[in-house]
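The values are calculated or read from the model by the stated rules, or taken from the named source; none is laboratory data. Just so it is clear, the model here is predicted, and its values are computed rather than measured. Here Cβ is always computed from backbone atoms with ideal geometry, including for glycine, and neighbour counts include all displayed protein chains. Just so you know, the surface numbers come from the protein's heavy atoms only, side chains and all, with ligands and any DNA or RNA stripped out. Shrake-Rupley method; radii C 1.70, N 1.55, O 1.52, S 1.80 Å.
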Amino acid sequence: MKKVLFLNDSTEFLVLLVFPFSYFSVYGLIKRAPITLKKHWWHFILPTVYFLTQVPFFLAPLAVKYNAYLGAYFPSFETAEVSESFSYGYHVIKDIFDWLILFSILFYTLMSLKLVLAERSKHDPNKIKPKSGKYIFTRNTVVVLLLLLIFIFAVFYSYEDDGGDHYIVFFQTLIAFSTTYLIMAESRFFEKSWIADKYETISNLKSDLDFEKIQNYVDTEDYFLSQQASLHNLASILKVHPNQISKIINLENDSNFNDYINQKRVEKAKARLVDTTYAHLTIEAIGTSVGFKSKSAFYSAFKKHTGTSPSAFTKESSPKL
């Protein structure tokens, strides 16, 4: 037992790394950008400072570590004798460790929430609900972090020292098993893996092209309203390989190019169907005005993205028309 007493209270700084790494997972999924020490070094300041303040404990006599163990789990036991000259100055930050954990969870929960909301806002211009797996996964991650914050606060409020650690471990075990089940049981977690393989050999990629730039052009130029809109046509305008646009849309919008364009056309059609300015147009003419080449294509896309037909939508939204 005495050979491993140094493990007691020696891994606390690692706890302060849990939440930055949770944020990194959200950041990596949302931004699809690498985590580099050069850019993200400041996330390691708190764990590093805490570790450095605990060096005196790591170098302390065995009796100090033994007493720390008893104090955490067996406070009624008789403690070992320690030299009066030994300094317990490292306890200053240890005494507020619980609050450091709560601060870390809250900070990184808010940081993660900011990323998720930013991802959602990219779909707002045309009121298209984000349905990509990465959005849902990261959103749920933020919810779990928030629940963990509330749970840990309740445990710290109810117990002193390490008295409620077993509850926290139980909660974290549930999270681990739930996440493992999701990864193993939900095949859609891996459904985009083929996309990377499909486009792996694309050459002459435009490295600065991203979904936001594609969407900005499509929206500001009303490109989706053109019946000539196509993957190859947009690629020639943006001077990139068509497969690059296809890959970005697949990854970011969880749909192919045609579905992406049709979503925007349907949203525009919904607005025009209830706009008195277009009351003189037939439903088919409105479909043509938003870029659909045929009535059947318009009705099929409208039904797919709204769950109802254009005529039924018009009656439900504007019964007087």
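A few remarks follow.
- Leu102 vs. criteria closer than 20 Å to Val155 by Cβ, in a helix (DSSP H, G or I), open to solvent by 70 Å² or more (accessible area, probe 1.4 Å) and touching a helix residue (DSSP H, G or I) at 6+ places or on another chain (Cβ under 8 Å): no
- Screening Leu52 with (1) of a type in the set (A, V, I, L, M, F, W, C); (2) open to solvent by less than 80 Å² (accessible area, probe 1.4 Å); (3) over 30 Å from Ala118 (Cα atoms) gives one miss only, at (2).
- Test: Thr141 is at pLDDT below 75 and surrounded by 11 or more Cβ atoms within 10 Å (Cβ to Cβ): no
- Residues in the stretch 80-99 that are in a loop (DSSP other than H, G, I, E, B), of a type in the set (A, V, I, L, M, F, W, C) and without any contact (Cβ under 8 Å) to a residue 12 or more places away in the chain: Ile96 alone.
- Neighbours by Cβ (under 7 Å, 6+ apart or cross-chain): first from the stretch 66-79, of a type in the set (Ser, Thr, Tyr); second at pLDDT below 85 and not in a helix (DSSP H, G or I): Tyr69/Asn8; Tyr73/Asp162
- If you check Ala312, Ala285, Ala297 for being assigned to a helix (DSSP H, G or I) and under 36 Å from the mean Cα position of the chain (by Cα), only one passes: Ala297.
- Within the stretch 54-87, the residues that satisfy the criterion of being aromatic (Phe, Trp, Tyr) and under 45 Å from the mean Cα position of the chain (by Cα) are Phe57, Phe58, Tyr66, Tyr69, Tyr73, Phe74.
- Restricting attention to the stretch 297-321, the residues that are under 24 Å from Asn258 (Cα atoms) and surrounded by fewer than 11 Cβ atoms within 10 Å (Cβ to Cβ) add up to 1.
- Taken as a whole, the condition of being in a helix (DSSP H, G or I) and over 28 Å from Asp210 (Cα atoms) does not apply to Ala269.
- Contact annotation: residue pairs with Cβ atoms under 9 Å, 6 or more positions apart or on different chains, pairing a residue in the stretch 237-251 that is open to solvent by 20 Å² or more (accessible area, probe 1.4 Å) with a partner that is part of a helix (DSSP H, G or I) and of a type in the set (Val, Ile, Thr), are Leu238/Ile214; Leu238/Ile245; Lys247/Ile195; Ile248/Ile214; Leu251/Ile195.
- Some residue of the stretch 112-125 being charged (D, E, K, R) and more than 38 Å from the chain's Cα centre (by Cα): no
- Where Phe211 falls short, out of the listed (1) open to solvent by 60 Å² or more (accessible area, probe 1.4 Å); (2) under 25 Å from Leu29 (Cα atoms); (3) hydrophobic (A, V, I, L, M, F, W, C): (1)
- Within the stretch 33-49, the residues that satisfy the criterion of being closer than 26 Å to Phe211 by Cβ and open to solvent by less than 100 Å² (accessible area, probe 1.4 Å) are Ala33, Pro34, Ile35, Thr36, His40, His43.
- For beta carbons closer than 7 Å, sequence separation of 6+ or different chains, a first residue in the stretch 294-310 that is free of Cβ contacts under 8 Å to residues at least 40 places away in the same chain and basic (Lys, Arg) and a second that is open to solvent by less than 30 Å² (accessible area, probe 1.4 Å) and assigned to a helix (DSSP H, G or I), the qualifying pairs are Lys295/Gly287.
- Boolean, Asp275 is at pLDDT below 90, out of contact with any His (no Cβ under 6 Å at 6 or more places or on another chain) and either buried (at least 17 other Cβ atoms within 10 Å of the Cβ) or of a type outside the set (Val, Ile, Thr) (or both): yes
- Residue within the stretch 229-241 that is of a type in the set (Val, Ile, Thr), at pLDDT 90 or above and farther than 30 Å from Leu29 by Cβ present: no
- The stretch 218-229: number of residues that are open to solvent by less than 70 Å² (accessible area, probe 1.4 Å) and over 31 Å from the mean Cα position of the chain (by Cα): 4
- Selection within the stretch 71-88: residues that are modelled with pLDDT of 85 or more and surrounded by 10 or more Cβ atoms within 10 Å (Cβ to Cβ). The member of this set that is nearest to Glu12 (Cα to Cα) is Tyr88.
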